[in-house]
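Visitor: The structure that follows is given in the form of structure tokens.
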Amino acid sequence: MPIIEMSTEPSSLNNLASLYEMQGKFSEAELLYQKAIAIAEKNSDVGNLTTQEYKKHYEKMLTTKNAKILEYLNKMKN
């Protein structure tokens with residue numbers, strides 16, 4: 001019998017990912033965003049507004065993560 005994730009689980013994962021992101025824990029945040037998106041897509045359709053919001057949060061985190069990496073690399077050059 002398959003395990004069905006509760007509908008609140010993606011929201012909780014998304015919120016925890018956001019907290020990790022604010023703490024600069026991008027690897028942890030990335031995994032949680034991915035899981036939230038996967039569960040949301042499984043529980044609804046891909047075009048669902050909530051799923052789209054999770055994807056926007058994930059994309060924003062990736063942009064921030066990449067900017068931090070570039071900033072670090074530029075500091076290492078100097």
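Read the figures in this text as sums done on the coordinates, not as results from a lab. Quick caveat, the model's predicted, so the values are computed rather than measured. FYI the Cβ positions are ideal-geometry reconstructions off the backbone, even for glycines, and counts take in every protein chain you see.
Visitor: Could you please let me know if K25 is surrounded by 13 or more Cβ atoms within 10 Å (Cβ to Cβ) and among the charged types (D, E, K, R)?
Guide: Judged against the criteria, K25 is a match.
Visitor: I'd like to check something: does segment 34-53 contain any residue that is of a type in the set (S, T, N, Q) and surrounded by 18 or more Cβ atoms within 10 Å (Cβ to Cβ)?
Guide: Scanning segment 34-53, I find at least one residue that is of a type in the set (S, T, N, Q) and surrounded by 18 or more Cβ atoms within 10 Å (Cβ to Cβ), so the answer is yes.
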